[in-house]
Amino acid sequence: MGEREADRSVSQTVRAQLALRDLILSGGLRPGERISELQAVETTGVSRTPVRMALVRLEEEGLLEAIPSGGFMVKAFSERDILDSIELRGTLEGLAARFAAERGVSARDLEPLRECLNELDGLVRQDPISVEAFSSYVALNARFHALLTELSRSPPLIRQIDRASALPFASPSGFVMAQSALPEARQILLIAQDHHRIVVDAIENREGARAEAIMREHARLAARNLRLALRNRTHLDLLPALALIRSAAD
């Protein structure tokens, strides 16, 4: 296979992986539902080899489970699985914040983070916060976390954070849209934004332990959002993937 063909195969695999992941997380496939290679080919419009690789990657992410008779089955998740994944991400992000603080970051390097904070401030000042503002928050929050991770200047750590964030429901904004329908929504966003400001301050002042601790606590807000969303499933339209999760009370 030539270099151009190899690149195309990788691109097709990523395309199929994203399409199938979206299908699962949007509720298009239910827990326990089987998906075959042929079905995935028809769904994504991608040829069999990239689709096969995409299905294996989704199995590695934990969204699918291989079944002995062939093909894959959509997995259901326990609340504990997801809480553990969130804790793992928070631990790694805490380490990234500590590295950034201890290794030193210039004022210029911190400027994109501060700009992101200011944009987030404009959203969380709204009362009540609109669904559109929550959507904007998701994008800005993802940018904030990515910028913070990059400040660690640790490629191995950045790779591990990317892997942890790809685990089902473990990303920094995994439950923000479901949270938007809850009465506690604005309070939680205000706490999250306070965490953002504290970690930037800790990094600027080279307080590694403080930066690490606040990012670990910050991840636990996602765990709080999960518990609230599972207790109030009346807004499944905002996060259909909640149907994949078995709460502790189920």
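The values are calculated or read from the model by the stated rules, or taken from the named source; none is laboratory data. These numbers come from a predicted model, not from an experiment. So basically every Cβ, Gly included, is an ideal-geometry build from the backbone, and we count neighbours across all protein chains shown. Side chains are part of the model used for accessible areas, which takes the heavy atoms of the whole protein and leaves out ligands, DNA and RNA. Shrake-Rupley method; radii C 1.70, N 1.55, O 1.52, S 1.80 Å.
In terms of the Cα gyration tensor, with a ≥ b ≥ c the square roots of its eigenvalues, is region 106-212 rounded because a/c is under 1.5, prolate because a/b exceeds b/c, or oblate?
oblate
Tell me, what is the per residue accessible area of the chain in Å², probe radius 1.4 Å?
In whole numbers, the chain has 50 Å² accessible per residue.
Within region 108-200, what whole-number % of the accessible surface is contributed by carbon and sulfur, with the 1.4 Å probe and all protein chains included in the calculation?
Percent of accessible area from carbon and sulfur atoms in region 108-200: 52.
Choose one of F77, I191, G122: the residue whose Cα lies farthest towards the positive end of the charge dipole of the chain (beta-carbon charges +1 Lys, Arg; -1 Asp, Glu; about the Cα centre).
Most positive-ward Cα: F77.
Determine, for each peptide in 195-205, 109-119, the mean count of other beta carbons within 10 angstrom over its residues, then list the peptides with the highest first.
Highest to lowest by the protection proxy: 195-205, 109-119.
With 10 Å bins from zero, work out the P(r) of the chain over every alpha carbon pair and list the percent per bin.
Pair shares across the bins are 7, 28, 31, 24, 10, 1.
What do you get for the angle between helix 3-25 and the principal long axis of the chain? Use alpha-carbon atoms, 0 to 90 degrees, nearest ten.
Tilt relative to the chain: about 80 degrees.
So what's the angle, to the nearest 10 degrees on a 0 to 90 scale, between helix 79-103 and the longest Cα principal axis of the chain?
Approximately 50 degrees, to the nearest ten.
Among P68, P31, P172, whose mean-square fluctuation peaks in a Gaussian network model of the chain (Cα, cutoff 10 Å)?
P68
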